[in-house]
1. Which of the residue pairs 100/141; 65/340; 226/314; 141/340; 40/340; 226/340 have a Cα-Cα distance greater than 27 Å in the structure shown?
2. Accessible area per residue of the chain at 1.4 Å probe, in Å²?
3. Which one of 287, 80, 330 has the biggest mean-square fluctuation once the chain is modelled by GNM with Cα springs under 10 Å?
4. Mind listing the phi-derived Karplus ³J(HN,Hα) values for region 299-304, rounded to whole Hz, using 6.51, -1.76 and 1.60 with θ = phi - 60°, and x for any glycine or proline?
5. For region 4-15, what does the Karplus curve 6.51 cos²θ - 1.76 cosθ + 1.60, with θ = phi - 60°, yield as ³J(HN,Hα) per residue in whole Hz, taken in order and with x for Gly and Pro?
6. For a quick protection proxy, order the peptides 90-97, 60-67 by their average other-Cβ count within 10 Å, most packed first.
7. Can you give me the relative contact order of region 1-132 as a percent, contacts being Cα pairs under 8 Å and 6 or more apart?
8. With labels modelled as points extended 7 Å from the Cα through the Cβ direction, what inter-label distance (nm, one decimal) is found for residue 1 paired with residue 194?
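The values are calculated or read from the model by the stated rules, or taken from the named source; none is laboratory data. Note that this is a predicted model, so its numbers are computed, not measured. Because the Cβ atoms are built from the backbone with ideal geometry, glycine has one as well, and the counts that use them run over all protein chains shown. The protein model used for the area step is the full one, side chains on, heavy atoms only, and it has no ligands, DNA or RNA in it. Shrake-Rupley method; radii C 1.70, N 1.55, O 1.52, S 1.80 Å.
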Amino acid sequence: MFYEEYNLYEAGDEGYHECRIPALLTTANGTILAFNEARKDTGRDTDQIDLFLRRSFDGGKSFEKVQVVATLDGWVTGNPAPVQDGETGVIWLLLTRNRKDGNETEIVARRAPHSRSVWMTSSSDDGATWSEPEEITASVKRPEWTWYATGPGHGIQLRSGRLVVACDHMVYRDGDRQTDPYHSHIIYSDDHGASWHLGAISDEGSNECTAVETADGWLYLNARNKTPSPSNFRRISWSRDGGESLSPHVRDAGLPEPICEGSVCRYTLEEDGPPGRGRNRVLFSNPGNEQTGERHSMTVRLSYDECRTWPVSKVIHQGPSSYSDLCIAPDGAICCLYEKGREQSVSVYSGDIGFARFDIEWLTDGEDSLGS
(Lines give C-alpha, C1' and ligand atoms only; values in the text may rest on other atoms or scores of the structure.)
Protein backbone atom coordinates (compact mmCIF):
# COMPACT_ATOMS: atom_id res chain seq x y z
CA MET A 1 0.00 0.00 0.00
CA PHE A 2 1.16 3.57 -0.56
CA TYR A 3 0.31 7.22 0.02
CA GLU A 4 2.16 10.09 -1.67
CA GLU A 5 1.48 13.80 -1.52
CA TYR A 6 3.06 17.06 -2.63
CA ASN A 7 1.93 20.61 -3.38
CA LEU A 8 1.05 21.10 -7.01
CA TYR A 9 0.66 24.86 -6.54
CA GLU A 10 1.85 27.12 -3.74
CA ALA A 11 0.87 30.68 -2.94
CA GLY A 12 2.93 33.05 -5.08
CA ASP A 13 3.65 30.58 -7.88
CA GLU A 14 3.87 32.10 -11.37
CA GLY A 15 3.47 35.55 -9.83
CA TYR A 16 -0.13 34.87 -8.71
CA HIS A 17 -1.38 35.49 -5.19
CA GLU A 18 -2.76 31.95 -4.88
CA CYS A 19 -4.66 29.19 -6.68
CA ARG A 20 -8.08 27.83 -5.76
CA ILE A 21 -10.97 25.74 -7.17
CA PRO A 22 -9.33 22.48 -8.41
CA ALA A 23 -10.58 20.15 -11.13
CA LEU A 24 -9.15 16.83 -12.33
CA LEU A 25 -9.60 14.66 -15.40
CA THR A 26 -7.86 11.47 -16.53
CA THR A 27 -8.01 11.34 -20.32
CA ALA A 28 -8.51 8.26 -22.48
CA ASN A 29 -4.76 8.34 -23.20
CA GLY A 30 -3.97 8.23 -19.49
CA THR A 31 -2.92 11.87 -19.12
CA ILE A 32 -4.01 13.54 -15.87
CA LEU A 33 -5.16 17.13 -16.31
CA ALA A 34 -5.09 19.30 -13.16
CA PHE A 35 -6.94 22.63 -13.49
CA ASN A 36 -7.14 25.51 -11.01
CA GLU A 37 -8.28 29.07 -10.80
CA ALA A 38 -5.18 31.30 -10.63
CA ARG A 39 -6.00 34.44 -8.64
CA LYS A 40 -3.62 37.19 -9.59
CA ASP A 41 -3.53 40.05 -7.08
CA THR A 42 -5.68 39.47 -4.00
CA GLY A 43 -6.81 35.84 -4.08
CA ARG A 44 -10.44 36.88 -3.70
CA ASP A 45 -13.43 35.88 -5.83
CA THR A 46 -13.36 39.28 -7.58
CA ASP A 47 -9.66 39.15 -8.46
CA GLN A 48 -8.22 38.91 -11.97
CA ILE A 49 -8.68 35.14 -12.33
CA ASP A 50 -7.21 32.92 -15.06
CA LEU A 51 -7.43 29.17 -15.58
CA PHE A 52 -4.23 27.17 -15.06
CA LEU A 53 -3.53 23.62 -16.25
CA ARG A 54 -0.72 21.21 -15.46
CA ARG A 55 -0.50 17.80 -17.19
CA SER A 56 0.92 14.51 -15.92
CA PHE A 57 2.03 11.62 -18.16
CA ASP A 58 3.09 9.24 -15.35
CA GLY A 59 -0.09 8.81 -13.35
CA GLY A 60 0.38 11.88 -11.18
CA LYS A 61 3.94 11.24 -10.03
CA SER A 62 5.06 14.45 -11.75
CA PHE A 63 3.48 17.27 -13.76
CA GLU A 64 4.55 19.53 -16.60
CA LYS A 65 4.85 23.28 -16.16
CA VAL A 66 1.81 25.55 -15.99
CA GLN A 67 -0.30 26.35 -19.07
CA VAL A 68 -2.77 29.23 -19.10
CA VAL A 69 -5.89 27.74 -20.68
CA ALA A 70 -8.14 30.81 -20.56
CA THR A 71 -7.63 34.45 -19.57
CA LEU A 72 -9.28 37.79 -20.24
CA ASP A 73 -7.85 41.01 -18.84
CA GLY A 74 -10.09 42.55 -16.21
CA TRP A 75 -12.30 39.48 -15.95
CA VAL A 76 -12.89 36.51 -13.66
CA THR A 77 -12.46 33.30 -15.67
CA GLY A 78 -13.23 30.39 -13.37
CA ASN A 79 -15.15 27.32 -12.25
CA PRO A 80 -13.33 24.76 -14.43
CA ALA A 81 -15.46 21.71 -15.34
CA PRO A 82 -13.67 19.32 -17.74
CA VAL A 83 -15.25 16.31 -19.44
CA GLN A 84 -14.04 14.10 -22.29
CA ASP A 85 -16.10 12.59 -25.09
CA GLY A 86 -14.98 8.96 -25.31
CA GLU A 87 -16.05 8.61 -28.94
CA THR A 88 -14.35 11.69 -30.40
CA GLY A 89 -11.58 12.10 -27.83
CA VAL A 90 -12.33 15.83 -27.53
CA ILE A 91 -11.95 17.30 -24.05
CA TRP A 92 -14.49 19.99 -23.24
CA LEU A 93 -13.82 22.53 -20.51
CA LEU A 94 -16.83 24.49 -19.32
CA LEU A 95 -16.20 27.71 -17.38
CA THR A 96 -17.78 30.98 -16.28
CA ARG A 97 -16.87 34.63 -16.71
CA ASN A 98 -17.80 37.94 -15.11
CA ARG A 99 -16.14 41.32 -14.93
CA LYS A 100 -13.68 41.96 -12.15
CA ASP A 101 -15.62 44.99 -10.95
CA GLY A 102 -16.00 44.68 -7.21
CA ASN A 103 -18.53 43.35 -4.76
CA GLU A 104 -20.47 40.35 -6.11
CA THR A 105 -23.53 41.11 -4.01
CA GLU A 106 -23.79 44.52 -5.62
CA ILE A 107 -23.43 42.97 -9.07
CA VAL A 108 -26.29 40.57 -8.32
CA ALA A 109 -28.46 43.34 -6.88
CA ARG A 110 -28.07 45.38 -10.07
CA ARG A 111 -28.71 42.30 -12.18
CA ALA A 112 -25.82 43.60 -14.23
CA PRO A 113 -25.22 42.07 -17.66
CA HIS A 114 -21.78 40.92 -16.53
CA SER A 115 -22.96 39.08 -13.40
CA ARG A 116 -22.05 35.65 -14.84
CA SER A 117 -21.81 34.14 -18.32
CA VAL A 118 -21.11 30.55 -19.35
CA TRP A 119 -18.43 29.48 -21.84
CA MET A 120 -16.75 26.40 -23.29
CA THR A 121 -13.36 25.66 -24.76
CA SER A 122 -12.02 22.37 -26.12
CA SER A 123 -8.86 20.41 -26.79
CA SER A 124 -8.30 17.65 -29.36
CA ASP A 125 -4.68 16.96 -28.40
CA ASP A 126 -4.93 15.74 -24.79
CA GLY A 127 -4.87 19.25 -23.34
CA ALA A 128 -1.78 20.54 -25.15
CA THR A 129 -3.73 23.33 -26.87
CA TRP A 130 -7.20 24.84 -26.39
CA SER A 131 -9.70 26.60 -28.62
CA GLU A 132 -10.80 30.18 -28.08
CA PRO A 133 -13.66 30.11 -25.51
CA GLU A 134 -17.16 30.27 -26.98
CA GLU A 135 -20.14 31.61 -25.04
CA ILE A 136 -23.13 29.30 -24.42
CA THR A 137 -24.99 31.37 -21.80
CA ALA A 138 -28.25 31.60 -23.77
CA SER A 139 -28.56 27.81 -23.92
CA VAL A 140 -27.91 27.01 -20.27
CA LYS A 141 -28.87 30.02 -18.12
CA ARG A 142 -32.33 31.47 -17.49
CA PRO A 143 -32.83 35.26 -17.49
CA GLU A 144 -33.81 35.38 -13.79
CA TRP A 145 -30.58 33.66 -12.71
CA THR A 146 -27.71 35.78 -11.45
CA TRP A 147 -24.84 33.82 -9.87
CA TYR A 148 -23.84 30.71 -11.87
CA ALA A 149 -21.08 28.12 -11.55
CA THR A 150 -20.07 25.28 -13.83
CA GLY A 151 -18.94 22.43 -11.58
CA PRO A 152 -16.44 23.17 -10.27
CA GLY A 153 -14.87 19.76 -10.79
CA HIS A 154 -15.04 17.13 -13.52
CA GLY A 155 -18.09 16.27 -15.60
CA ILE A 156 -18.98 12.76 -16.78
CA GLN A 157 -20.05 10.90 -19.90
CA LEU A 158 -22.98 8.51 -19.46
CA ARG A 159 -23.02 5.12 -21.14
CA SER A 160 -25.62 6.59 -23.52
CA GLY A 161 -22.93 8.98 -24.77
CA ARG A 162 -24.47 12.04 -23.11
CA LEU A 163 -22.01 14.52 -21.63
CA VAL A 164 -23.14 15.82 -18.23
CA VAL A 165 -21.82 18.71 -16.15
CA ALA A 166 -23.26 19.41 -12.70
CA CYS A 167 -23.75 23.17 -12.07
CA ASP A 168 -25.43 25.58 -9.68
CA HIS A 169 -27.08 28.98 -9.82
CA MET A 170 -28.87 31.63 -7.79
CA VAL A 171 -32.32 33.00 -8.64
CA TYR A 172 -32.91 36.76 -8.36
CA ARG A 173 -35.38 37.58 -5.61
CA ASP A 174 -34.14 40.65 -3.76
CA GLY A 175 -30.54 40.89 -4.91
CA ASP A 176 -28.95 39.58 -1.73
CA ARG A 177 -26.54 36.63 -1.96
CA GLN A 178 -27.38 35.74 1.63
CA THR A 179 -31.10 35.30 1.00
CA ASP A 180 -31.67 34.73 -2.72
CA PRO A 181 -32.34 31.01 -3.36
CA TYR A 182 -29.61 28.68 -4.63
CA HIS A 183 -30.20 25.56 -6.71
CA SER A 184 -28.14 22.83 -8.31
CA HIS A 185 -28.82 21.98 -11.94
CA ILE A 186 -27.61 19.79 -14.81
CA ILE A 187 -26.44 20.82 -18.25
CA TYR A 188 -25.84 18.22 -20.97
CA SER A 189 -24.82 17.62 -24.57
CA ASP A 190 -26.06 14.86 -26.86
CA ASP A 191 -24.06 15.92 -29.91
CA HIS A 192 -20.48 15.41 -28.68
CA GLY A 193 -20.22 18.86 -27.11
CA ALA A 194 -21.31 20.90 -30.10
CA SER A 195 -24.34 22.25 -28.21
CA TRP A 196 -25.35 22.30 -24.54
CA HIS A 197 -28.79 22.29 -22.94
CA LEU A 198 -30.31 22.96 -19.55
CA GLY A 199 -31.49 19.83 -17.77
CA ALA A 200 -33.03 19.24 -14.37
CA ILE A 201 -33.04 21.83 -11.56
CA SER A 202 -32.74 20.61 -7.99
CA ASP A 203 -34.66 21.87 -4.96
CA GLU A 204 -33.90 25.18 -3.28
CA GLY A 205 -31.00 24.96 -0.85
CA SER A 206 -28.75 22.86 -3.06
CA ASN A 207 -25.58 24.44 -4.42
CA GLU A 208 -22.24 23.33 -5.97
CA CYS A 209 -22.68 19.72 -6.99
CA THR A 210 -21.04 16.63 -8.45
CA ALA A 211 -22.43 13.63 -10.33
CA VAL A 212 -21.76 9.98 -11.14
CA GLU A 213 -23.64 7.33 -13.13
CA THR A 214 -24.60 4.29 -11.07
CA ALA A 215 -24.16 0.68 -12.11
CA ASP A 216 -27.87 0.41 -12.96
CA GLY A 217 -27.87 3.56 -15.10
CA TRP A 218 -29.19 6.17 -12.68
CA LEU A 219 -27.60 9.59 -12.35
CA TYR A 220 -26.62 10.43 -8.76
CA LEU A 221 -26.33 14.13 -7.89
CA ASN A 222 -24.49 15.08 -4.69
CA ALA A 223 -24.78 18.76 -3.68
CA ARG A 224 -23.41 21.22 -1.18
CA ASN A 225 -26.06 22.09 1.38
CA LYS A 226 -26.62 25.84 1.28
CA THR A 227 -29.08 25.85 4.19
CA PRO A 228 -27.19 26.29 7.48
CA SER A 229 -28.14 24.24 10.52
CA PRO A 230 -26.36 23.03 13.66
CA SER A 231 -25.37 19.87 11.78
CA ASN A 232 -24.82 19.88 8.03
CA PHE A 233 -25.00 17.00 5.58
CA ARG A 234 -24.79 16.73 1.78
CA ARG A 235 -27.99 16.89 -0.26
CA ILE A 236 -28.52 14.08 -2.74
CA SER A 237 -30.99 13.38 -5.54
CA TRP A 238 -31.38 10.87 -8.36
CA SER A 239 -32.32 10.93 -12.03
CA ARG A 240 -33.65 8.06 -14.14
CA ASP A 241 -33.46 9.98 -17.43
CA GLY A 242 -29.88 11.18 -17.65
CA GLY A 243 -30.39 14.44 -15.81
CA GLU A 244 -33.58 15.74 -17.43
CA SER A 245 -35.48 15.35 -14.14
CA LEU A 246 -34.45 14.83 -10.52
CA SER A 247 -36.02 13.34 -7.43
CA PRO A 248 -36.59 15.65 -4.43
CA HIS A 249 -33.31 15.97 -2.62
CA VAL A 250 -32.67 14.51 0.82
CA ARG A 251 -29.84 14.91 3.31
CA ASP A 252 -27.33 12.08 3.56
CA ALA A 253 -26.43 11.62 7.23
CA GLY A 254 -23.39 9.60 6.12
CA LEU A 255 -21.84 12.64 4.43
CA PRO A 256 -21.22 15.49 6.88
CA GLU A 257 -19.97 18.82 5.56
CA PRO A 258 -19.16 22.33 6.84
CA ILE A 259 -21.02 23.77 3.78
CA CYS A 260 -18.42 23.32 1.06
CA GLU A 261 -17.87 21.84 -2.40
CA GLY A 262 -17.14 18.10 -2.74
CA SER A 263 -16.32 15.53 -5.42
CA VAL A 264 -17.75 12.13 -6.35
CA CYS A 265 -15.92 9.77 -8.72
CA ARG A 266 -16.45 6.28 -10.13
CA TYR A 267 -13.61 3.95 -9.12
CA THR A 268 -14.63 0.51 -10.45
CA LEU A 269 -17.64 -1.28 -11.93
CA GLU A 270 -18.36 -4.91 -11.17
CA GLU A 271 -19.26 -5.62 -14.79
CA ASP A 272 -15.82 -4.48 -15.94
CA GLY A 273 -13.92 -7.19 -13.99
CA PRO A 274 -11.42 -8.80 -13.69
CA PRO A 275 -11.45 -10.45 -10.23
CA GLY A 276 -10.38 -7.94 -7.60
CA ARG A 277 -11.33 -4.97 -9.72
CA GLY A 278 -14.76 -6.39 -10.47
CA ARG A 279 -16.70 -4.67 -7.71
CA ASN A 280 -18.84 -1.56 -7.62
CA ARG A 281 -16.89 1.22 -5.93
CA VAL A 282 -17.54 4.99 -5.79
CA LEU A 283 -15.37 7.60 -4.05
CA PHE A 284 -16.26 10.91 -2.42
CA SER A 285 -14.08 13.73 -1.03
CA ASN A 286 -14.77 16.85 1.05
CA PRO A 287 -13.82 18.47 4.37
CA GLY A 288 -15.45 15.76 6.46
CA ASN A 289 -16.94 17.63 9.41
CA GLU A 290 -20.38 19.10 10.03
CA GLN A 291 -19.69 22.40 11.77
CA THR A 292 -20.66 25.38 9.62
CA GLY A 293 -17.60 27.20 8.30
CA GLU A 294 -15.10 24.77 9.89
CA ARG A 295 -13.40 23.62 6.71
CA HIS A 296 -10.77 21.08 7.74
CA SER A 297 -10.10 17.32 7.75
CA MET A 298 -10.05 16.60 4.00
CA THR A 299 -11.64 13.15 3.87
CA VAL A 300 -12.00 10.48 1.19
CA ARG A 301 -14.88 8.01 1.52
CA LEU A 302 -15.71 4.78 -0.31
CA SER A 303 -19.11 3.28 -1.17
CA TYR A 304 -19.78 -0.30 -2.27
CA ASP A 305 -23.54 0.11 -2.82
CA GLU A 306 -23.66 2.91 -5.38
CA CYS A 307 -23.63 5.90 -3.04
CA ARG A 308 -26.22 4.68 -0.56
CA THR A 309 -23.75 4.17 2.31
CA TRP A 310 -20.12 5.15 2.88
CA PRO A 311 -18.56 2.58 5.22
CA VAL A 312 -14.93 3.49 4.50
CA SER A 313 -13.57 6.89 5.51
CA LYS A 314 -10.04 8.24 5.85
CA VAL A 315 -8.66 11.72 6.51
CA ILE A 316 -5.86 12.65 4.12
CA HIS A 317 -5.19 16.10 5.64
CA GLN A 318 -6.13 17.02 9.21
CA GLY A 319 -5.62 20.75 8.80
CA PRO A 320 -7.65 23.49 7.11
CA SER A 321 -8.83 22.38 3.66
CA SER A 322 -11.67 23.14 1.31
CA TYR A 323 -12.50 22.39 -2.36
CA SER A 324 -11.34 19.14 -3.99
CA ASP A 325 -11.67 16.90 -7.02
CA LEU A 326 -10.95 13.22 -7.64
CA CYS A 327 -9.74 11.15 -10.57
CA ILE A 328 -8.31 7.66 -11.12
CA ALA A 329 -4.82 7.21 -12.56
CA PRO A 330 -4.22 4.56 -15.24
CA ASP A 331 -2.55 2.28 -12.67
CA GLY A 332 -5.60 2.41 -10.39
CA ALA A 333 -4.18 4.98 -7.99
CA ILE A 334 -6.74 7.35 -6.47
CA CYS A 335 -5.83 11.02 -6.99
CA CYS A 336 -7.20 13.94 -4.98
CA LEU A 337 -6.42 17.58 -5.82
CA TYR A 338 -7.47 19.83 -2.94
CA GLU A 339 -7.12 23.23 -1.32
CA LYS A 340 -4.83 23.37 1.72
CA GLY A 341 -4.74 26.16 4.26
CA ARG A 342 -1.84 28.55 4.56
CA GLU A 343 -1.28 31.28 7.13
CA GLN A 344 -1.85 34.83 5.88
CA SER A 345 -3.90 33.59 2.94
CA VAL A 346 -7.25 35.11 1.99
CA SER A 347 -8.99 32.23 3.75
CA VAL A 348 -7.56 30.06 6.49
CA TYR A 349 -8.53 26.98 4.46
CA SER A 350 -6.83 27.95 1.18
CA GLY A 351 -3.47 29.11 -0.13
CA ASP A 352 -1.80 25.98 -1.52
CA ILE A 353 -3.08 23.14 -3.71
CA GLY A 354 -2.16 19.63 -2.60
CA PHE A 355 -2.05 16.57 -4.83
CA ALA A 356 -2.49 13.24 -3.03
CA ARG A 357 -2.00 9.88 -4.71
CA PHE A 358 -2.78 6.58 -2.94
CA ASP A 359 -4.10 3.08 -3.48
CA ILE A 360 -7.24 1.29 -2.33
CA GLU A 361 -5.20 -0.76 0.13
CA TRP A 362 -4.11 2.41 1.95
CA LEU A 363 -7.63 3.83 1.94
CA THR A 364 -9.11 0.66 3.44
CA ASP A 365 -6.20 -0.27 5.73
CA GLY A 366 -5.62 -3.41 3.68
CA GLU A 367 -9.25 -4.58 3.77
CA ASP A 368 -9.75 -4.11 0.02
CA SER A 369 -7.51 -4.60 -2.99
CA LEU A 370 -7.71 -4.49 -6.77
CA GLY A 371 -5.93 -7.82 -6.90
CA SER A 372 -3.26 -8.81 -9.37
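1. Beyond 27 Å: 141/340.
2. Values: 14140 Å² over 372 residues.
It amounts to 38 Å² per residue over the chain.
3. Its mean-square fluctuation being the largest, the pick is 330.
4. Along region 299-304, the couplings run 10, 10, 10, 10, 10, 10 Hz.
5. Along region 4-15, the couplings run 10, 8, 7, 7, 7, 9, 10, 3, x, 4, 6, x Hz.
6. Numbers: 90-97: 24.2, 60-67: 15.8.
The densest-packed peptide leads the list: 90-97, 60-67.
7. Working: 272 pairs, mean separation 23.1, N = 132.
The normalised contact order for region 1-132 reaches 17 percent.
8. 5.0 nm
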